[in-house]
Amino acid sequence: MENLWKKNFIDIEPYVAGEQPKSDDIIKLNANENPYPPSPAVMKAIEQFGAEGLRMYPSMDAAPLRQAVAERCGALNGVSLSRENVFIGNGSDDVLATAFRAFFNSDKPILFPDVTYSFYPVWCELLKIPYRTKPVDERFEINASDYAEPNGGVVIPNPNAPTSIGRGLDFVREILELNRDCIVIIDEAYVDFGGESAIPLLSEYGNLLVTQTFSKSRSMAGMRIGMAFGSPELITMLDAVKDSYNSYPMDKLAIVTGIASVNDEEYFRETLAKVISTRDRTAAAMRGMGFNVAESSTNFLFAQHEKLGAKEIFGFLRERGIYVRFWNKPRINNRLRITVGTDEQMDKMLAALKELTAEP
Ligand code: PMP
């Protein structure tokens, strides 16, 4: 007999994250994780975290972390932010999903690029939000004028993923000027690696929401901390949605380690400088082997070889224990996304690429 109860199941195709290797000797360059450990201050906070820290519920609104993030990220961007400008969630995925729920309730479609973070269409399907994608150009650049049509909201990652291309504030301002009557989300997951943050525009645009994460530049993907910056009105709405499904999304360990991380600015800058220098050196070496590598403002490279197919390169590297990201999807199925690892990891990858690309 047919199980008729199945007809009420949700019909969704979930987001697929980069493969998690089973063995330790894999060089994992497929999820844009930072190859360096978090700040020593984070490790100290973990050591000092006692059993008593677990017995009670955490702060409902992660207020101490919001305060630290407001102060530090405000200062990094030369503006003054308060706790009321900051929302905190379980990674920026949680923050973005909360924002989609809170702000995208129009009958008109929301707009985002066709080549972008593949979670956006997944949230739209899950939350029944109509959406329309806008093609990036042949250089994978986003054209601001494409976002001039009536819409229910706009989401732009800047720098974009997986293209690694970052745009200046003039571009973000153009998007905002064209979209005064809806919420514009700028997803800045990778901004610390060389992008330009839209945080200084918050005082001018009450409909702007900027999201960032501790997962990449702060080496804390495992702790799941993400944040949004916006006007107090937007933050209040995000809190209302959060409090409608989970009052305590941030556990106590995340709160104390997040504060320790954001307060260690010296370590943050040192780590960024190392990743950026390895990235630029790797990109140059790859170009010398016949790769077209986009100018990256992130901790990853988006590359295509002049002769060899991306799938073949992906398989070759995988056999040698080097995992990079390949998507069998229109427009990007001849490109690889390669996370910037340590110098040693990148040297191993470059040696493998050299072996593959060397003329016989
Ligand atoms: N935005 C973009 C563009 C990303 O690539 C990612 C990482 N997959 C995220 C947001 C979410 O990262 P997290 O949830 O770890 O903060």
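Figures for the structure shown
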| item | result |
| --- | --- |
| Contacts under 9 angstrom Cβ, first residue in the range 334-359 being in contact (Cβ under 8 Å) with a residue 12 or more places away in the chain and not assigned by TED's automatic domain parsing to the domain that holds ARG287, partner open to solvent by 50 Å² or more (accessible area, probe 1.4 Å) and not charged (D, E, K, R), 6 or more apart | none |
| Hits in the range 249-280 - residues which are in contact with a strand residue (DSSP E or B) (Cβ under 9 Å, 6 or more places away or on another chain) and not in a loop (DSSP other than H, G, I, E, B) | ALA254, ILE255, GLY258, ARG279 |
| Residue match in the range 12-29 (condition: surrounded by fewer than 15 Cβ atoms within 10 Å (Cβ to Cβ), among the charged types (D, E, K, R), within 16 Å of the ligand (Cβ to nearest atom) and closer than 28 Å to PRO162 by Cα) | yes |
| Condition broken by PRO232, with the remaining ones in (1) open to solvent by less than 40 Å² (accessible area, probe 1.4 Å); (2) more than 29 Å from LYS44 (Cα to Cα); (3) not basic (Lys, Arg) satisfied | (1) |
| The range 314-326: number of residues that are open to solvent by less than 30 Å² (accessible area, probe 1.4 Å), over 12 Å from ALA303 (Cβ atoms) and part of a loop (DSSP other than H, G, I, E, B) | 1 |
| The one condition in (1) within 19 Å of the chain's Cα centre (by Cα); (2) open to solvent by less than 80 Å² (accessible area, probe 1.4 Å); (3) within 15 Å of the ligand (Cβ to nearest atom) that ASN77 fails to fulfil | (3) |
| Answer residue from the range 132-155, given it is touching a Phe, Trp or Tyr at 6+ places or on another chain (Cβ under 7 Å) and under 20 Å from LYS329 (Cβ atoms) and is nearest to the ligand (Cβ to nearest atom) among those | VAL155 |
| So SER106, is it within 16 Å of the ligand (Cβ to nearest atom), polar (S, T, N, Q), in the same structural domain as GLN212 (by TED's automatic domain parsing) and modelled with pLDDT of 95 or more | no |
| Neighbours by Cβ (under 6 Å, 6+ apart or cross-chain): first from the range 194-207, surrounded by fewer than 19 Cβ atoms within 10 Å (Cβ to Cβ); second in a loop (DSSP other than H, G, I, E, B) | PRO200/ASN77; PRO200/VAL79; GLY206/SER231 |
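For (1) in contact with a Leu (Cβ under 9 Å, 6 or more places away or on another chain); (2) in the same structural domain as GLU71 (by TED's automatic domain parsing); (3) closer than 21 Å to ARG167 by Cα; (4) away from the ligand (no atom under 16 Å from the Cβ), each residue gets a yes or a no:
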position	(1), (2), (3), (4)
GLY195	no, yes, yes, no
ASN207	yes, yes, yes, yes
LYS216	no, yes, yes, no
GLY222	no, yes, no, no
GLU233	no, yes, no, yes
LEU238	yes, yes, no, no
SER247	no, yes, no, yes
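The values are calculated or read from the model by the stated rules, or taken from the named source; none is laboratory data. The structure displayed is predicted, hence computed values, not measured ones. No Cβ is skipped: glycine too gets one built from the backbone with ideal geometry, and neighbour counts run over all protein chains shown. Remember, those area values only see protein heavy atoms, side chains included, never the ligands or the DNA or RNA. Shrake-Rupley method; radii C 1.70, N 1.55, O 1.52, S 1.80 Å.
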